[in-house]
1. Mind checking which residues of segment A:102-114 are at pLDDT below 90 and touching a helix residue (DSSP H, G or I) at 6+ places or on another chain (Cβ under 8 Å)?
2. So if I check each of B:108, B:73, B:82, which one is within 14 Å of chain A (Cβ to nearest Cβ), over 17 Å from the mean Cα position of the chain (by Cα) and within 20 Å of residue B:49 (Cα to Cα)?
3. So which residues in segment A:118-167 are in a strand (DSSP E or B) and under 30 Å from residue B:192 (Cβ atoms)?
4. Quick one: is residue A:59 within 14 Å of chain B (Cβ to nearest Cβ), under 26 Å from residue A:194 (Cβ atoms) and modelled with pLDDT under 90?
5. Check whether at least one residue in segment B:108-129 is modelled with pLDDT under 90, crowded, with 19+ Cβ neighbours inside 10 Å and touching a Cys at 6+ places or on another chain (Cβ under 9 Å), and report yes or no.
6. From the list A:179, A:197, pick out the single residue that is part of a helix (DSSP H, G or I), of a type outside the set (S, T, N, Q) and free of Cβ contacts under 8 Å to residues at least 12 places away in the same chain.
7. With the structure loaded, tell me whether residue A:107 is in contact with a Leu (Cβ under 9 Å, 6 or more places away or on another chain), of a type in the set (A, V, I, L, M, F, W, C), crowded, with 18+ Cβ neighbours inside 10 Å and closer than 18 Å to residue A:78 by Cβ or whether it fails that test.
8. Please name all residue pairs, on different chains or six or more residues apart, with Cβ atoms under 9 Å, provided the first residue is in segment A:27-47 and is within 8 Å of another protein chain (Cβ to nearest Cβ) and the second residue is among the aromatic types (Phe, Trp, Tyr).
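The values are calculated or read from the model by the stated rules, or taken from the named source; none is laboratory data. As the structure is a prediction and not an experimental result, all values here were calculated from the model. Because the Cβ atoms are built from the backbone with ideal geometry, glycine has one as well, and the counts that use them run over all protein chains shown.
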Amino acid sequence: MMLESIREKMAYQPLLLGIVALLASAALALASGATGAAIAAAEAKDLRDSLSEVLPAGLADNDFLSDTVDLEKDGKTVTIYRARQGGAMTAALFKVSERGYAGEIQVLMAVDMSGRILGVRVLKHSETPGLGDKIEVRKTPWVLDFAGKALGEPAAELWAVKKDNGVFEQFAGATVTPRAVVKAVKGGLAFFAAHQREISA
Amino acid sequence: MSDQAYGRIFKDGLWEQNVVFAQMLALCPTMAVTTSGTNGLGMGLASTVVLVVSNMLVAMIRHTVSSQVRIPVFVVLIATLVTIVDMAMNAWLHELYKVLGLFIALIVVNCAILGRAEAYAVKNGVWVSALDGIAMGLGFTAALTLIGLIRELLGAGTLFAQASQLLGPSFAFLEVQVPDYGGALLMILPPGGFAVLGFLLAGKRLLDQRLAARAAALPMADVASA
């Protein structure tokens with residue numbers, strides 16, 4: 001057979017590898033082109049869904065996904081989404097993060113213009129299942145406690161878990177995780193207070 | 001191919017050459033995702049789809065690929081396939097992707113896929129290779145689901161938690177919660193995975209030994225009764 005005889009030739013191997021790599025890249029490029037728009041749309045919808053979850057209904061009539069301002073926080077860029085009602089800004093939504101027990105915990109928070117928390121959700125974490133994952137709203141309502149709080153309400157030294165003489169509950173067997181979330185939210189409020197002028201500009 | 005040979009493929013996939021319990025392949029994803037029955041099931045099903053398609057592709061090109069470069073060719077093929085599946089699911093089955101997405105990327109490092117390409121698809125036709133993919137995939141799915149269910153039951157006191165997110169709301173009846181059981185966290189953590197796998201392996205060996213002993217005893221019994 002023809003194929004049998006050329007298959008063992010030296011030049012056949014690199015040629016074959018090259019062709020396979022070329023075909024694979026072409027297939028990937030095609031797939032990426034075909035799915036790119038749909039993936040971007042799906043991710044934008046995800047973001048909108050999670051933003052709407054921390055923002056109480058009736059506070060925004062604008063498309064806050066495209067009304068953003070980028071600010072610097074600890075060397076990283078934070079995107080702030082601005083919710084408006086009738087043109088007046090009602091709330092700022094942004095992500096903050098803090099090191100938890102097992103890696104970064106990403107927290108999304110919404111703050112109204114007086115610096116009061118409207119809502120907090122944990123977006124991403126890799127805490128211990130069964131212990132630290134109680135910060136997820138579908139596991140326990142713990143994270144809902146943040147709503148209505150502000151810097152100074154409770155006082156700065158009470159912005160901590162109960163074990164550290166603060167006001168926030170911790171979980172049996174997992175103190176590091178809620179401590180990190182409290183710290184992240186407190187840091188987010190301080191960040192909002194320090195940059196309120198740029199945020200509402 | 002005879003019915004017997006088809007039976008052989010499924011017997012191998014589900015029991016005698018089971019990816020996890022006999023070949024001991026793909027232990028990395030096995031340990032990582034079997035923290036619940038639902039996760040095990042999801043990983044198993046996603047792997048099965050990739051396994052069937054990759055087996056078919058490898059069988060299709062088996063005459064063109066020379067043995068010297070077959071491994072890199074298969075690796076490129078599988079990685080491409082998994083990436084396309086990942087992108088397509090992210091784009092068009094986004095809700096399912098949010099549940100399964102974590103597993104799809106793990107399939108690339110699943111040596112069971114390359115293992116079947118090497119051990120079976122490269123020597124066999126397209127359709128039997130597809131069958132082998134189905135059988136091996138189902139065996140893998142069964143193993144992952146079993147380990148996941150045991151770890152979940154002992155560790156969290158639930159069965160198939162969040163199954164309705166993966167399979168749709170009509171499967172909510174699968175979700176079981178053991179009342180008044182806090183769960184032994186150890187079983188959810190990696191050591192629990194190794195412990196459960198160890199006990200299951202020992203159990204399978206024991207069962208295989210019993211079966212072999214019975215098979216060996218049978219002809220003798222025939223002689224004795226004659």
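1. Restricting attention to segment A:102-114, the residues satisfying the condition of being at pLDDT below 90 are A:102-103.
Matches in segment A:102-114: A:102 only.
2. Numbers: B:108 fails: over 17 Å from the mean Cα position of the chain (by Cα); B:82 fails: over 17 Å from the mean Cα position of the chain (by Cα).
It is B:73.
3. Narrowing segment A:118-167 to residues in a strand (DSSP E or B): A:118-124, A:150, A:153, A:161.
Listed by number, the residues that qualify are A:121, A:122, A:123, A:124, A:161.
4. Details: within 14 Å of chain B (Cβ to nearest Cβ): no; under 26 Å from residue A:194 (Cβ atoms): yes; modelled with pLDDT under 90: yes.
Criteria not met by residue A:59.
5. yes
6. On the way: A:179 fails: free of Cβ contacts under 8 Å to residues at least 12 places away in the same chain.
Checking each option against the conditions leaves just A:197.
7. Working: in contact with a Leu (Cβ under 9 Å, 6 or more places away or on another chain): yes; of a type in the set (A, V, I, L, M, F, W, C): yes; crowded, with 18+ Cβ neighbours inside 10 Å: yes; closer than 18 Å to residue A:78 by Cβ: yes.
Spelling it out, residue A:107 is indeed in contact with a Leu (Cβ under 9 Å, 6 or more places away or on another chain), of a type in the set (A, V, I, L, M, F, W, C), crowded, with 18+ Cβ neighbours inside 10 Å and closer than 18 Å to residue A:78 by Cβ.
8. Hits for this filter: A:35/B:92; A:38/B:92; A:42/B:92; A:42/B:97.
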